[in-house]
There are 2 protein chains.
Amino acid sequence: MTSAPKLSDQLCFAAYSFTHALNRAYRPLLEPLGLTYPQYLVMLVLWEADGQTVKEIGERLKLDSGTLTPLLKRLETIGYVTRRRGKADERQVIVHLTEEGRALSDKAAGIPVELGCAMGAELGEIANLRERLLALRDRLGETGCAVGEPET
Amino acid sequence: MTSAPKLSDQLCFAAYSFTHALNRAYRPLLEPLGLTYPQYLVMLVLWEADGQTVKEIGERLKLDSGTLTPLLKRLETIGYVTRRRGKADERQVIVHLTEEGRALSDKAAGIPVELGCAMGAELGEIANLRERLLALRDRLGETGCAVGEPET
DNA sequence: CCCATATCAATTGCGCGCAATTTGATTTTG
DNA sequence: CAAAATCAAATTGCGCGCAATTGATATGGG
């Protein structure tokens, strides 16, 4: 017997393989820019607000320094960002766009359109899905089921 | 100006960070079984049908041998599966559950419930999201936007 | 029958993603 | 003010995910 898990698992796998499909779809679009998808996300964050710390970028993208530090070093090597210790607080590293990095946002402008097109979904559908995924994500971030965990 | 990409990108990021949140939620549940989430997916596939080839597992999970070969070797090392060359066709490797591997499905039975609970979503919501993610994923798998690509 | 082609798995190389630890700076506290 | 606690980033180690290549087997055409 032991009917194997089927239920909500399928949602997990759906999200998992959807994400990989997205990655694959992005790859050819990002390759001309010399970016991977996670690097592209970091650039998006910086295009929105230049000069953020590693920590701030990590909070936005839900990534830690173990992931970001080498990624940012690569972006620095390509020449899209600079990394400098903060003057006020020398613990933190502040990431700035270079001219080239800033200019890249023009070349990247068409990417979301292409992708939306590839998915063939309307804006409403996309926005709706996004909301629900983010809501579930945030609920997952909490303690969970209230099964254990006496307190704090 | 150059208003940075915002549109469907947000869906992509939502899926991306939702997937990571799922991974994090699964980790403590799978750790007692000694499995990672991708390893758990392989076990799910095998619990459904034992004795599949690497290729068949890859088709179900949308993974290639570069990912699966080392993963399956790890599962073999732990003692959950065996890997044998096929007799009829020696190119393929057939993956079988061990006793221990088969028995594991009992211990894994509670996982989807815990996760569904952690997400706090009803079954309908979950099924609906799953359908739409899979549909989008499959649309992404196709050529895309019909922008270029003369033929074959 | 034999060779060209196709197929399957394994390997290599690179970039995440994250847990755990380390290093160094800053803040808190006694 | 000094010791302790906290905090930011870097480092280490491991497991994916995938492109590209390799090697071995199978298959189909001439």
Output yes when any residue across the range A:84-97 is farther than 25 Å from A:N23 by Cβ, open to solvent by less than 70 Å² (accessible area, probe 1.4 Å), more than 12 Å from DNA strand C (Cβ to nearest atom) and assigned to a loop (DSSP other than H, G, I, E, B), and no when none is.
no
Of the residues that make up the range B:108-124, is at least one open to solvent by 90 Å² or more (accessible area, probe 1.4 Å) and within 24 Å of A:L22 (Cα to Cα)?
no
Could you tell me which numbered condition A:L136 fails, if it satisfies all but one of (1) open to solvent by less than 40 Å² (accessible area, probe 1.4 Å); (2) more than 21 Å from B:L136 (Cβ to Cβ)?
(2)
Qualifying residues in the range A:44-61 (those that are closer than 25 Å to A:G110 by Cα and open to solvent by 60 Å² or more (accessible area, probe 1.4 Å)) - the one nearest to DNA strand C (Cβ to nearest atom):
A:R60
Can you tell which of B:L11, B:L30, B:L41, B:L75 is open to solvent by less than 70 Å² (accessible area, probe 1.4 Å), in a helix (DSSP H, G or I) and without any contact (Cβ under 8 Å) to a residue 12 or more places away in the chain?
B:L11
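The values are calculated or read from the model by the stated rules, or taken from the named source; none is laboratory data. Keep in mind it's a predicted model, so treat the numbers as computed, not measured. For neighbour counting, all protein chains shown are included, and Cβ atoms are generated from backbone atoms with ideal geometry for every residue, glycine included. With ligands, DNA and RNA removed, areas are computed over all heavy atoms of the protein, side chains included. Shrake-Rupley method; radii C 1.70, N 1.55, O 1.52, S 1.80 Å.
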